[in-house]
1. Got a sec to turn the phi values of the stretch 104-116 into Karplus ³J(HN,Hα) couplings, 6.51 cos²θ - 1.76 cosθ + 1.60 with θ = phi - 60°, whole Hz, x for Gly and Pro?
2. With a probe of 1.4 Å, find how much accessible area the chain has per residue, and write the answer as a whole number in Å².
3. According to a simple spin-label model (label point 7 Å from Cα along Cα-to-Cβ), what is the distance in nm between I110 and D80?
4. Of the accessible area of the chain, with the probe set at 1.4 angstrom, what percent is carbon plus sulfur?
5. Once Rh is set to the Kirkwood radius over Cα pairs, what Stokes-Einstein translational diffusion coefficient, in µm²/s, holds for the stretch 37-127 at a temperature of 20 °C and a viscosity of 1.002 mPa s?
6. Amide H to amide H, which residues 5 or more places from M29 or on other chains are under 5 Å from it, using H placed in the peptide plane?
7. Under the definition of Cα pairs under 8 Å and six or more residues apart, what whole-number percent is the relative contact order of the stretch 1-61?
8. Taking amide H positions as placed in the peptide plane 1.01 Å from N, state which residues far from D80 in sequence (5 or more) or on other chains have amide H under 5 Å from it.
Amino acid sequence: MNLSEHIKFNSDGLVPAIIQDATTGRVLMMAWMNQASLEKTVETRKTHFWSRSRKKFWMKGESSGHTQNVRDIAFDCDGDTLLIQVDQTGAACHEGYRSCFFRSAEGETIRVTEERLLSPEAIYGKK
């Protein structure tokens, strides 16, 4: 069975992928996949995505070393959203946090809800 046949990609050929820590259930990030990145993820069991801003195929951790080993790939009843459970190495967020969802809104106040693991400079080097 080809998973891509069951997925409804949008008009840009993309599908949102929610990445979840397989052990804790914490949502780590959301990114976009095209058919090629989904197929590469299935093949390698490492997450691959399509960057809309850079117009580029990429593997999570290719420059940071903070990879995601896939444990399960699920899709919703409409086939238009993926839920991928992973074992995360290091920070999932490019800003150095375990999760990209490290801020919460409390009324008009924005609160950081977790500690930063590493600075972006420590992960990617100085720009």
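The values are calculated or read from the model by the stated rules, or taken from the named source; none is laboratory data. What you see is a predicted model; the values in this text were computed from it and never measured. Here Cβ is always computed from backbone atoms with ideal geometry, including for glycine, and neighbour counts include all displayed protein chains. Just the protein is used for accessible areas: all its heavy atoms, side chains included, with ligands, DNA and RNA removed. Shrake-Rupley method; radii C 1.70, N 1.55, O 1.52, S 1.80 Å.
1. 3J(HN,Hα) across the stretch 104-116, in whole Hz: 10, 9, 10, x, 8, 9, 9, 10, 7, 9, 8, 7, 6.
2. 59 Å²
3. It is 2.9 nm.
4. Details: 3760 of 7530 Å².
Its accessible area is 50 percent carbon and sulfur atoms.
5. Estimated via Stokes-Einstein, D reaches 145 µm²/s.
6. Distant-sequence amide H within range of M29: I19, C100.
7. With pairs under 8 Å counted, the relative contact order is 23 percent.
8. Answer set, sorted by chain and number: K8.
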